[in-house]
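Participant: There's a structure below that I have some questions on.
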Amino acid sequence: MNTTAAAPAASRARRRPGRPPAARAVAALRRLVTGGAVLFWTALVVVPVYWVVVTSLRTRAEFVTSSPLSVPGSPTLDNYRTVLDSGFTTYLLNSVLVTAATVVLTIAAALMVSFAIVRHGGRRSRTVFRLFLLGLAIPLQAVIIPVYLLIIRLQLYDSLAAIVLPSVAFALPITVMILVSFLRDVPGSLFEAMIVDGAGDWRMLWSLAVPLARPALMTVAVYDALQVWNAFLFPLILTQSEDKSVLPLALTLYRGQFGIDVPSTMAAVVLSTLPVFVVFVLARRQLVAGLTAGFSK
C-alpha cells in the first residue's frame, strides 16, 4: 500500500470543512418529512385493504361487535362460499370476456393505426392522429346518451357486445397516443432495410414493429384491462339482465341481496380484485419498462 499517497489524501479529508449545523438540520428535517409522508401514504393504501380482507373473514355477529381493525377471533370462509354459490362465477366470466375482447380489439386496431401514422407521415396522418388526441378530451359521461341510443339502434342492448364496442372506442385514443410515441423512436433505418429486402407494410408491422413495441403493447394492454375491468357506467346503462352483469355492477347486486351483510360484500370485493392483482404482479416489469421506454431516448 502506498502510504505516501494516502497521507496527503487523509490530510485533505481532515481539512475539508463539514456541513454547517443549519444544513444538517434542514437535511434531517427533510428526511423526517419524507419518511412521514411515505408512512402516511403506506397507511392510506394498506389500512383499507387490510380492513376489506379481515372483514371478509368475520361472521356477521363479529362484524357488529368487534373492532374494525382487530384480527378476527374465529376466521371463517363462509362469506366466500356464500358469494361463490350466488352466481359469482357468471359475473367473473362476463368480466373476463368483456375485458379480453376489449383489449384484443383495441390493441389490434391501435397498432395498425399507429403504424400507419408513423410510417406514412403526412398531412392526412397528422390529421388522423389529432382526431385521436381529440378523443382524450371527450368525457365518457358527456356522450353516454348518444352511446345508449346508438346501441339501441344497433339492437345490441343488454348484451356483452354493448359493453365491448364503446369500451374499445374510448380506449383507442390513449392507446394510439402511447403506441405512436413508442413507434416514433424505432430507427427508420430498420424499416428501410426491410424495404430493401422486399418487405411490405404487413411484414414490417408483424416482423419488426410488434417485437420492438412489445413493452408498449404490454403497458397499454394492462392499462386498458384495468380500465375495462373496473368500468361501471357502461354496464349500468347498457345492460339490465343479471346474467349479463359484470363484477363492478354485480357488487351492487350483492349489496342488495345481502342487505347489511357487509362481510359477504367484502368477500365479493376480494374475489373481484384477485384476477387484477395477479395480472399486475405478473406484468409489473413489462409495465414499468413500457412506461419508461419512450422517455429514455
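Participant: Here is a list: Asp224, Asp243. Which entry is open to solvent by less than 50 Å² (accessible area, probe 1.4 Å), among the acidic types (Asp, Glu) and part of a helix (DSSP H, G or I)?
Facilitator: After ruling out the rest, the residue left standing is Asp224.
Participant: Within the stretch 61-105, restricting attention to residues that are open to solvent by less than 20 Å² (accessible area, probe 1.4 Å) and of a type in the set (A, V, I, L, M, F, W, C), which residue is nearest to Met218 (Cα to Cα)?
Facilitator: Val98
Participant: Restricted to the stretch 194-220, and to residues that are of a type in the set (A, V, I, L, M, F, W, C) and more than 20 Å from Ala116 (Cβ to Cβ), which residue is surrounded by the most Cβ atoms within 10 Å (Cβ to Cβ)?
Facilitator: Step one: filter the stretch 194-220 for residues of a type in the set (A, V, I, L, M, F, W, C), giving 194-196, 199, 202, 204-206, 208-210, 212-213, 216-218, 220.
Applying the additional criterion that residues be more than 20 Å from Ala116 (Cβ to Cβ) yields 196, 218.
Working: Val196: 8, Met218: 18.
This residue is Met218.
Participant: If Thr89 meets every condition in (1) polar (S, T, N, Q); (2) in contact with a Ser or Thr (Cβ under 9 Å, 6 or more places away or on another chain); (3) at pLDDT 85 or above apart from one, which number is that one?
Facilitator: Exception for Thr89: condition (2).
Participant: Ok, one more. If a residue must be small (Gly, Ala, Ser), within 30 Å of Val118 (Cα to Cα) and touching a helix residue (DSSP H, G or I) at 6+ places or on another chain (Cβ under 7 Å), how many such residues does the stretch 149-171 contain? Steps first, answer last, please.
Facilitator: First pass over the stretch 149-171, keeping only residues small (Gly, Ala, Ser): 159, 161-162, 167, 169, 171.
If we keep only those that are within 30 Å of Val118 (Cα to Cα) as well, we get 167, 169, 171.
Those still in the list that are touching a helix residue (DSSP H, G or I) at 6+ places or on another chain (Cβ under 7 Å) too: 167, 171.
Within the stretch 149-171, residues that are small (Gly, Ala, Ser), within 30 Å of Val118 (Cα to Cα) and touching a helix residue (DSSP H, G or I) at 6+ places or on another chain (Cβ under 7 Å) number 2.
Participant: Have a look at Ser181, Ser207 and point out the one that is among the small types (Gly, Ala, Ser), assigned to a helix (DSSP H, G or I) and more than 22 Å from Arg126 (Cα to Cα).
Facilitator: The conditions single out Ser207.
Participant: Hey, another quick one. For the stretch 98-144, give me each residue that is under 13 Å from Ala169 (Cβ atoms) and outside any helix (DSSP H, G or I).
Facilitator: Leu136, Ile138
Participant: Only one of Ile260, Ile174 is open to solvent by 10 Å² or more (accessible area, probe 1.4 Å), modelled with pLDDT under 85 and out of contact with any helix residue (DSSP H, G or I) (no Cβ under 6 Å at 6 or more places or on another chain). Can you tell me which? So that I can check it myself, show each step before the final result.
Facilitator: Details: Ile174 fails: modelled with pLDDT under 85.
So the residue among Ile260, Ile174 that is open to solvent by 10 Å² or more (accessible area, probe 1.4 Å), modelled with pLDDT under 85 and out of contact with any helix residue (DSSP H, G or I) (no Cβ under 6 Å at 6 or more places or on another chain) is Ile260.
Participant: Any idea which of (1) within 30 Å of Arg214 (Cβ to Cβ); (2) of a type outside the set (Asp, Glu); (3) touching a helix residue (DSSP H, G or I) at 6+ places or on another chain (Cβ under 9 Å) is the one Val83 doesn't satisfy?
Facilitator: (1)
Participant: Could you tell me which numbered condition Ser125 fails, if it satisfies all but one of (1) surrounded by 14 or more Cβ atoms within 10 Å (Cβ to Cβ); (2) in contact (Cβ under 8 Å) with a residue 40 or more places away in the chain; (3) not basic (Lys, Arg)?
Facilitator: Result: Ser125 fails condition (2) only.
Participant: Does the stretch 111-137 hold any residues that are modelled with pLDDT under 85 and within 25 Å of the chain's Cα centre (by Cα), and which are they?
Facilitator: Listed by number, the list is empty, since nothing qualifies.
Participant: Right, another one. What single numbered condition from (1) modelled with pLDDT of 85 or more; (2) in a helix (DSSP H, G or I); (3) surrounded by 20 or more Cβ atoms within 10 Å (Cβ to Cβ) fails to hold for Leu274?
Facilitator: Of everything listed in (1) modelled with pLDDT of 85 or more; (2) in a helix (DSSP H, G or I); (3) surrounded by 20 or more Cβ atoms within 10 Å (Cβ to Cβ), Leu274 misses just condition (3).
Participant: Which number in (1) over 26 Å from the mean Cα position of the chain (by Cα); (2) open to solvent by 40 Å² or more (accessible area, probe 1.4 Å) marks the one condition that Ala108 misses?
Facilitator: Going through the list (1) over 26 Å from the mean Cα position of the chain (by Cα); (2) open to solvent by 40 Å² or more (accessible area, probe 1.4 Å), Ala108 breaks only (1).
Participant: Has the stretch 153-161 got any residue that is more than 26 Å from Val96 (Cβ to Cβ), open to solvent by 30 Å² or more (accessible area, probe 1.4 Å) and at pLDDT 90 or above? Working first, answer last.
Facilitator: Start the filter on the stretch 153-161 by keeping residues that are more than 26 Å from Val96 (Cβ to Cβ), which leaves 153.
Within this subset, residues satisfying the condition of being open to solvent by 30 Å² or more (accessible area, probe 1.4 Å) are 153.
So of that shortlist, the ones also at pLDDT 90 or above come out as 153.
So far as the stretch 153-161 goes, yes, one or more of its residues are more than 26 Å from Val96 (Cβ to Cβ), open to solvent by 30 Å² or more (accessible area, probe 1.4 Å) and at pLDDT 90 or above.
The values are calculated or read from the model by the stated rules, or taken from the named source; none is laboratory data. The structure presented is a predicted model; accordingly, all values stated were derived computationally and were not measured. Glycine also receives a Cβ, built like all others from the backbone with ideal geometry; neighbour counts cover every protein chain displayed. For accessibility, only protein heavy atoms count, side chains too; no ligands or nucleic acids. Shrake-Rupley method; radii C 1.70, N 1.55, O 1.52, S 1.80 Å.
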